Structure formats: C-alpha cells, structure tokens
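Asks: Here you go, one structure.
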Amino acid sequence: MYETKYHRASSADEAVKLAGSADDGQFIAGGQTLIPTMKQRLASPSDLVDIRNIDAMKGVNVDGNKVTIGAATTHAEVADAPQLRAVCQGISDLAGHIGDPAVRHMGTIGGSVANNDPAADYPAALLALGAEIITNNRTISADDFFTGMFETALEDGELITSISFTVPDKSAYSKFPNPASRYAMAGVFVAKGGDGVRVAVTGAGSDGVFRHAGMEEALGSNWSADAVADADVDEAMMLSDIHGNAAYRANLVRVMAKRAVAAAG
Amino acid sequence: MTTVSMTVNGKEVSADVEDRTLLVDYIRENLKLTGTHVGCDTSQCGACVVHVDGKAVKACTMLAAQAAGSEVVTIEGLANGGDLHPVQAAFHEHHGLQCGFCTPGMIMTAVDMIERAKASGQKLDEATIRSELEGNICRCTGYHNIVRAIEAAAG
C-alpha cells in the first residue's frame, strides 16, 4: 500500500471539506473493498476520509411505508434490523449473505453502492426497489445512479449520506454465488409495489447491474415463477469468463429470477 | 507518523505508526502480540480475525487508525490467566485443529458467532456453523472437528 494520510470526519460536511481539500482524497467507510484495492496498488489516494463514525449517517429507519438507511450502516446492521425485516425481507436476506460475518461487520451499504462492483448485491436491490440515493447535495434515483461497471452518477467529492425507498408489497433476492469467491455469478432481486414490478440483475451483465424489461412485463400480468421460466435473456449482454460463459450466465439469470419470485411468495 | 491509541485485551496501548499501517501489523509488530496471524492478506482466510468493539473483523482489512479509540480483543485476551476460554477448551477437547495456523482466527470467529447466537436466541446447528465459518479457511481441511468444537462450546 502506498503512503496515505488518514482523517476521521465527524459530520458529512466535514468529510466533504476534508476530501475536497486533499490532492486526491477518497472516502473510506468499512474499507472492505478499498483497503484490498489499495494493497494491490490499484488505488493510491493521497488522503483517506473515514466516514464510519458519523452518527447521522448510521441506522435503519422505517417510517410508515418509507425506509431510510444511513450510508454508513453495516451489512450486519441492515441484516439484523427487525423493523426492516418486517417490511422488506428481500433486502434483509440480501445483506445477510454479503461476504462473510467479519466483512458484514465492517462493509457498509453506502460503500457498496458507491463502488458499484458488477457482482455486488446491493445495486440489484436498489434498482429493483426504485430506491433513491441521497448525497450531500442532491437525490439521485437508482435508475440514474448506476451508469456502468464500477461507474455511478456521483461527482468527484460527492458523498452518499443515505438510501431510501418505499416498502414493496413483495420482494426477494436470489443469488448463485461463485463457489470460490462467493461473489454473485447471477443475482436477481424482484420487487412488486405500487409502481408495478421491477426486476434487477447483478453479477451477470457485462456492463454491471441492469433491469430486465421482459421479466417485469411478464410478472406484471402473472406474478409466478413460471412467468419468467422462458424469459429471453440476451447472451450478448452477459459476462463470459472462466467461471461461466454467457449462455451459462443467461440461464442462471432465469433460474435466479424463478427462485426469487417463488421466495417472495 | 501518527500516534494511534486503543485498548487491546483490556490494556491501554499506543504506538507511532504510519497512517497506512494495518491493524494486524500494529498488533503483531508494535504490540508483539503474534497470536493473530496473517494468512492470505486478501480478506479471504480469516486467520487475522480479532474483535473490535465486540465484533469480529479481519485485522488485515482494517487500518490501525480506523481502530483508534476502540476496544480490541485478540486471541491472547481470551484466556483468564491459566484458564482457557470455553471455546479454546472445546477446540482442545475436540481437537479442532491440525497445523494450528488458522486456529486463532477460527476461535475468535467462533466466540463472536456464539455470542451473536446467544443474543438473538438462535440455536447454532451444524449448517449454521458451517455457513458462519464462510470467512475462515483451514487449509488442512480440519473443518469437521472445528464444527464439533463450536457445537460443544455453544452448548
């Protein structure tokens, strides 16, 4: 790891100021992706601004049908929040299967979303739930936020402070983890709510998380696993690597979608 | 260099380290507590698991500066004098190790797992234990007795 300067912020404003005044400042929350990336010297920020101790950015709040999750809330805290599990089991289950217990104690929802790893779980949930990503200066819809593999709509120095979404009627997430890395080779989040059905796929797409219009339409008129069994998944859009070729991943997307719909009930 | 202070195994400690120093290096190199191991150094194997503010974390994937002001417990902090911690005793009783390299991390993960299960009233069955051990790798593949030891310690 190259040299870096560590700062600890006590508020979002302070964090943005600290990062903005550095040569090449980077926010760090749990660091479960950033620290390994820095060890490999694939990232070399001059300054790290730790946002893990900002109380206003932590916690899960359910108010009526609106859920707000602070960006610095860990995966374990999301998974274990009973008030969230009561209204949106899909996201609770998803959070409880990210990485391993030690990683879940450190990694945060904001960090995962900002990184937009093509095999990360949260982007699928946020896209399917039609979530809003709230930053230090604006609100971005999930549809506009995830712009490609490891790419988001965030500007330099912009900090995610919370995530919010409307409670769905039904939701579930199903993933096929790579047997070694445990990252999703295909993960499908389905949500049925006031705005209809939304289906988002992670792990499989060659340009990161995406919505599947065909499955959304099929499930909109027939909410059942059978409705997506023969869905047309474009192999040209799929990742193809030593872990699985495009045809294999396209099939996994269909199977995970079926399982997610069945699990949502 | 920055002065990083924390509580490790109940004792206030302090050391001048570079900001990029990993918690595991702070523990091993500065505090000379070498029970916490570095196996893979890529967050996979869990040999470096310690408890920070009561939660199991991978000390190779946390900066010492991030843990400043925290309460840290390492494998050396579990036993009470000559009396082994119940999880250590169970690993001994059930021979939950072969070469022993992964053992400190396995035990720290097991203690955390058992405490969380107790707090939530969850019964730790074999399938749950195996799933909870996802982030700890034993390259001797001695998992069977590790699982037995954790089952015994969980009671």
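Asks: Looking at region A:239-265, I want the residues that are within 22 Å of residue A:197 (Cβ to Cβ) and have a partner that is of a type in the set (Asp, Glu) with Cβ atoms under 6 Å, at least 6 apart or on another chain. Which pairs are those?
Replies: Once the first residue is within 22 Å of residue A:197 (Cβ to Cβ) and sits in region A:239-265, its partners that are of a type in the set (Asp, Glu) give A:250/A:235.
Asks: So the check is Cβ under 6 Å with 6+ separation or different chains; which pairs have a first residue in region B:55-67 that's assigned to a strand (DSSP E or B) and a second one that's at pLDDT below 95?
Replies: Qualifying pairs under 6 Å: B:58/B:43.
Asks: Let me ask something additional. Look through region A:61-103, keep the residues that are assigned to a strand (DSSP E or B) and surrounded by fewer than 22 Cβ atoms within 10 Å (Cβ to Cβ), and return whichever of them is nearest to the other protein chains (Cβ to nearest Cβ).
Replies: For region A:61-103, the residue satisfying everything is A:62.
Asks: Return yes or no: is residue B:131 within 11 Å of chain A (Cβ to nearest Cβ), surrounded by fewer than 22 Cβ atoms within 10 Å (Cβ to Cβ) and out of contact with any Asp or Glu (no Cβ under 8 Å at 6 or more places or on another chain)?
Replies: yes
Asks: Hey, another quick one. Please work out which residue is farthest from the other protein chains (Cβ to nearest Cβ), limiting yourself to region A:1-18 and to residues that are open to solvent by 80 Å² or more (accessible area, probe 1.4 Å) and out of contact with any strand residue (DSSP E or B) (no Cβ under 6 Å at 6 or more places or on another chain). Spell out the reasoning first.
Replies: Taking region A:1-18 first, the residues open to solvent by 80 Å² or more (accessible area, probe 1.4 Å) are A:2-3, A:5, A:8, A:10, A:13, A:17.
Right, trim to out of contact with any strand residue (DSSP E or B) (no Cβ under 6 Å at 6 or more places or on another chain) and you get A:2-3, A:10, A:13, A:17.
Details: A:2: 7, A:3: 6, A:10: 12, A:13: 21, A:17: 19 Å.
My answer is A:13.
Asks: Shifting gears a bit: Of (1) surrounded by fewer than 24 Cβ atoms within 10 Å (Cβ to Cβ); (2) among the aromatic types (Phe, Trp, Tyr); (3) within 18 Å of the chain's Cα centre (by Cα), residue A:248 satisfies all except one. Which?
Replies: Going through the list (1) surrounded by fewer than 24 Cβ atoms within 10 Å (Cβ to Cβ); (2) among the aromatic types (Phe, Trp, Tyr); (3) within 18 Å of the chain's Cα centre (by Cα), residue A:248 breaks only (3).
Asks: Evaluate the following for residue B:109: is it out of contact with any His (no Cβ under 9 Å at 6 or more places or on another chain) and under 28 Å from residue B:20 (Cβ atoms)? Can you show your working first?
Replies: Working: out of contact with any His (no Cβ under 9 Å at 6 or more places or on another chain): yes; under 28 Å from residue B:20 (Cβ atoms): yes.
Here the answer is yes, as residue B:109 does meet what is asked.
Asks: Kindly list, by first and then second residue, each pair from a residue in region A:19-32 that is buried (at least 24 other Cβ atoms within 10 Å of the Cβ) to a residue that is among the basic types (Lys, Arg), limited to pairs with Cβ atoms under 6 Å and residues at least 6 apart or on different chains.
Replies: What qualifies is A:29/A:52.
Asks: Moving on to the next point. Which condition number does residue B:27 fail, the rest of (1) in a helix (DSSP H, G or I); (2) within 13 Å of another protein chain (Cβ to nearest Cβ); (3) open to solvent by less than 40 Å² (accessible area, probe 1.4 Å) being met?
Replies: It fails just one condition, (2).
Asks: Next question. Of the numbered conditions (1) among the hydrophobic types (A, V, I, L, M, F, W, C); (2) in contact (Cβ under 8 Å) with a residue 12 or more places away in the chain; (3) over 14 Å from residue A:160 (Cβ atoms), residue A:140 fails exactly one; give the number of that condition.
Replies: Going through the list (1) among the hydrophobic types (A, V, I, L, M, F, W, C); (2) in contact (Cβ under 8 Å) with a residue 12 or more places away in the chain; (3) over 14 Å from residue A:160 (Cβ atoms), residue A:140 breaks only (3).
Asks: For region B:64-77, state whether one or more residues are facing chain A (nearest Cβ under 9 Å) and farther than 18 Å from residue B:22 by Cβ.
Replies: Looking through region B:64-77, none of the residues is facing chain A (nearest Cβ under 9 Å) and farther than 18 Å from residue B:22 by Cβ.
Asks: Further question on the same structure: Out of all the residues in region A:127-145, is one or more within 21 Å of residue A:63 (Cβ to Cβ) and touching a Gly at 6+ places or on another chain (Cβ under 6 Å)?
Replies: no
Asks: Could you look through region A:19-55, keep only residues that are more than 12 Å from chain B (Cβ to nearest Cβ) and assigned to a helix (DSSP H, G or I), and pick out the one that is nearest to residue A:108 (Cα to Cα)?
Replies: A:55
The values are calculated or read from the model by the stated rules, or taken from the named source; none is laboratory data. In this text the structure is predicted, and so the values were computed from the model without any measurement. Glycine gets a Cβ as well: all are built from the backbone with ideal geometry, and neighbour counts include every protein chain shown. Side chains are part of the model used for accessible areas, which takes the heavy atoms of the whole protein and leaves out ligands, DNA and RNA. Shrake-Rupley method; radii C 1.70, N 1.55, O 1.52, S 1.80 Å.
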